[in-house]
1. Mind telling me which of the residues TYR128, TYR164 ends up being in contact (Cβ under 8 Å) with a residue 40 or more places away in the chain and farther than 30 Å from TRP6 by Cα?
2. Of the residues LEU115, LEU38, LEU76, LEU14, only one is of a type in the set (A, V, I, L, M, F, W, C) and touching a Pro at 6+ places or on another chain (Cβ under 8 Å); which?
3. Residues of the range 52-75 being open to solvent by 50 Å² or more (accessible area, probe 1.4 Å) and among the aliphatic types (A, V, I, L, M), which ones?
4. Looking only at the range 89-121, filter to residues that are of a type in the set (Ser, Thr, Tyr) and crowded, with 18+ Cβ neighbours inside 10 Å; which one of those is farthest from ALA16 (Cα to Cα)?
5. So TYR128 passes all but one of these: (1) within 28 Å of LEU35 (Cβ to Cβ); (2) outside any helix (DSSP H, G or I). Which condition number does it fail?
6. Got a number for residues in the range 39-51 being within 17 Å of CYS21 (Cα to Cα) and open to solvent by 40 Å² or more (accessible area, probe 1.4 Å)?
7. If only one of ALA11, ALA34 is farther than 24 Å from LEU136 by Cα, among the small types (Gly, Ala, Ser) and surrounded by fewer than 16 Cβ atoms within 10 Å (Cβ to Cβ), which one is it?
8. Consider the range 122-136. How many of its residues are open to solvent by 40 Å² or more (accessible area, probe 1.4 Å) and over 16 Å from ALA29 (Cα atoms)?
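The values are calculated or read from the model by the stated rules, or taken from the named source; none is laboratory data. In this text the structure is predicted, and so the values were computed from the model without any measurement. A quick note on method: Cβ atoms are made from the backbone with ideal geometry, for glycine too, and the neighbour counts reach across all protein chains shown. The accessibility values were calculated without ligands, DNA or RNA, using every heavy atom of the protein model including side chains. Shrake-Rupley method; radii C 1.70, N 1.55, O 1.52, S 1.80 Å.
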Amino acid sequence: MDLFFWEVARASGLAAYVALCIAVLTGLAPRTQALGFLATNRAVRALHDWSPWIGLPAAITHVVALVLDATARISLVDLGVPFQTSYGQLAIGLGTISLDLVVIVIVTTWLRRALSNSWWQWMHRLSYVGFVTMFLHAILSGTDLASPVIAGLSWAAAIAIGYYSLERAGRSLAVAKARA
């Protein structure tokens, strides 16, 4: 039975990772100089808006499967408190942080109308940190990254997100410097 839970955990973890990559890329790329023309594309906007609704249930399935897997030895406390597991503390702790951050981003998006725009933007930027922690979690504990196809796609997504994040940050700094 543990093999079943392990396979469910692998598949759902990979699905959550893909959904978060899509959400971050489709939110970030249209706000860059190179891909700014995508900002008005409805399909890109729909991908950004709906991919977290695939990622969150996949992440929850991933966590539930690992809790039910006796070999994984993940407790309910480990789901909320990072770095408490008896093994792989860093890798699993990063996964815990990633899930917590993704939940914060989704909840604050639900509450967007009740929040000031600047506060919501700061909360929404946590998705970058959530991606980094999920990527590191996958690198450090994900057995599927042994596949060259999955590893290549994972690194390509990480490089694209890193590049577009730096481009956007650099442009924001240039605008701030010009205002000063």
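1. TYR164
2. Unique residue meeting the criteria: LEU38.
3. ILE54, ILE60, VAL64, LEU68, ALA70, listed by residue number.
4. Step one: list which residues in the range 89-121 are of a type in the set (Ser, Thr, Tyr), which gives 96, 98, 108-109, 116, 118.
From what is left, the residues that are crowded, with 18+ Cβ neighbours inside 10 Å are 96, 98, 108.
Working: THR96: 13, SER98: 11, THR108: 19 Å.
It comes out as THR108.
5. (2)
6. The qualifying residues number 6.
7. Details: ALA11 fails: farther than 24 Å from LEU136 by Cα.
Answer to the check: ALA34.
8. Total meeting the criteria: 5.
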